[in-house]
Structures are given as C-alpha cells and as structure tokens.
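Here, each number is a calculation from the coordinates, and none is a lab measurement. Remember, it's a predicted structure, so these values are computed and weren't measured experimentally. Because the Cβ atoms are built from the backbone with ideal geometry, glycine has one as well, and the counts that use them run over all protein chains shown.
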Amino acid sequence: NAGVTQTPKFRVLKTGQSMTLLCAQDMNHEYMYWYRQDPGMGLRLIHYSVGEGTTAKGEVPDGYNVSRLKKQNFLLGLESAAPSQTSVYFCASSYSTESENEQYFGPGTRLTVT
Amino acid sequence: LAKTTQPISMDSYEGQEVNITCSHNNIATNDYITWYQQFPSQGPRFIIQGYKTKVTNEVASLFIPADRKSSTLSLPRVSLSDTAVYYCLVGDPSSLSGGYNKLIFGAGTRLAVHP
C-alpha cells in the first residue's frame, strides 16, 4: 500500500513553461485535493475533486488546471508558469463521508519557477 | 468561513504535556475541528478530529467546550520527535460535495520540544 504518491519530487521551470504534476492514490478514495504551501505558511487549497470526472475550485485556483480522468489519479497543470507559483505542492485524498475528513497527504513536489 | 487563530510557536521539554489552543469564534453548526501534524519536508498527517466534548486516541486528546468557539489539542508526555508544526482546521466536510470548500488551514503552531 503506497498511499499517496506524487511525481516529480522536484522541478525547476522557466517563466512561461508548462508542466503537469501527477498524484496517485491506491486507497480507493473518492476525494482528492491539490494544495500549495509557501514558506512559513499554512496550506491553501488550489482545486479538489469529489469523484472521477469532477473537479472544483479551491481558494487559489488561478493559473492552474486539473483533471480527474481516473479515480486513482489527480493531475495538476500549470499552463504558463510564473515565479509566484514557486511553492511546495501537496496532493491529498480522503473518503467521501459527510462528517469525517481525514486527509492523507503525499510527500510533496517542490517547484521553482525562475 | 471559520477563521482560526493559533499561537505562532510554543516550546516544551521532553516528558511534559503540551496543550495547543485554537480559537474559532465563528464556527458554524456543521463544522468539525481537525488537527494535523507536519514535519519538515513532509506532507501533513492527521492527528485527531472532533465535533464536541472530548475525543481521545492513541496519540492525542481534543477538548472542545460547549460553545465550540475554541479547541485544545493535548499531547501527553511529548518527546523530541513531536517537534513539528500543528495545524488546526475548522470546516464542514460536507461542503465539498456541494461544490464549495469550507475547509481552511490556519498558519499553524510551531512546537519545539527540548531535551
């Protein structure tokens, strides 16, 4: 049971380049999330998904797109990277209960945009 | 959205009990209180969740007064390995299926445990 895995672990982009971050979970969770964490700050939700084929915006969705074509995968795309998107990105997943929300987090992807 | 306020940092010593309080004055009826722990260069890890009164598991206790405007995470007999950032999260998990998000992480409390 690998839990939540993220690919890649590190990436350096130049301004204007694009990339896709991949998140995979093997716990059969319905819900998946993408967060960003800037130095010394808490996590901010970018986008989330409550099931295969569905996505929704979080707190800071601008500049990002997501897709959930398969239940186990949640992709985060940056179409035209900007230095303000330099951050650590965390993916998480959880069951789809209406009360409990124990999220399982991946190890993170450290992205630097120059 | 329920805004949370936590101390920025705390210090303790090995073997002591640590209590971290989170204020959430405008908590809503459907909101739950969840605490996460985060070590450097790792993703957060769930510690405990509650709605009211007291919840206890193998690693921590969560105390929630009747008015639910605050909550206290209690870590018994901390060790050096408990040095981490602790996040209080207040929100309504059911909001996600409704297409809106009411789960907001605060800035966290940096706990340093000394020998």
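Of the residues A:E30, A:E79, A:E59, which is within 20 Å of B:W35 (Cα to Cα) and of a type in the set (D, E, K, R)?
None of the others qualify; the one that does is A:E59.
Could you please let me know if A:E59 is surrounded by fewer than 19 Cβ atoms within 10 Å (Cβ to Cβ), within 10 Å of another protein chain (Cβ to nearest Cβ) and in contact with a Leu (Cβ under 7 Å, 6 or more places away or on another chain)? Reasoning before the result, please.
Details: surrounded by fewer than 19 Cβ atoms within 10 Å (Cβ to Cβ): yes; within 10 Å of another protein chain (Cβ to nearest Cβ): yes; in contact with a Leu (Cβ under 7 Å, 6 or more places away or on another chain): yes.
So A:E59 fits the description; yes.
Where in chain B are there strands (runs of 3 or more DSSP E), lying wholly inside it, with at least 3 residues that are closer than 30 Å to A:V88 by Cα?
Here the list reads B:9-13, B:18-23, B:32-38, B:45-50, B:70-75, B:84-91, B:109-114.
Output the residues belonging to segment A:49-99 that are aromatic (F, W, Y) and either without any contact (Cβ under 8 Å) to a residue 12 or more places away in the chain or in contact with a Cys (Cβ under 8 Å, 6 or more places away or on another chain) (or both).
A:F74
Could you please find all residues in segment A:62-99 being of a type outside the set (K, R), assigned to a loop (DSSP other than H, G, I, E, B), more than 14 Å from chain B (Cβ to nearest Cβ) and loosely packed, with under 15 Cβ neighbours inside 10 Å? Let's see the steps before the verdict.
Going residue by residue through segment A:62-99, those that are of a type outside the set (K, R) are A:62-67, A:69, A:72-99.
Still in the running and assigned to a loop (DSSP other than H, G, I, E, B): A:62-64, A:69, A:72, A:79-82, A:86, A:95-99.
Narrowing the set further to residues that are more than 14 Å from chain B (Cβ to nearest Cβ) leaves A:62-64, A:69, A:72, A:79-82, A:86.
Hits for segment A:62-99 are A:D62, A:G63, A:L69, A:E79, A:S80, A:A82.
What are the residue pairs meeting all of these: first residue in segment B:65-76, first residue in contact (Cβ under 8 Å) with a residue 40 or more places away in the chain and crowded, with 20+ Cβ neighbours inside 10 Å, second residue basic (K, R) and not in a strand (DSSP E or B), Cβ atoms under 9 Å, and 6 or more apart or on different chains?
B:R68/B:K52
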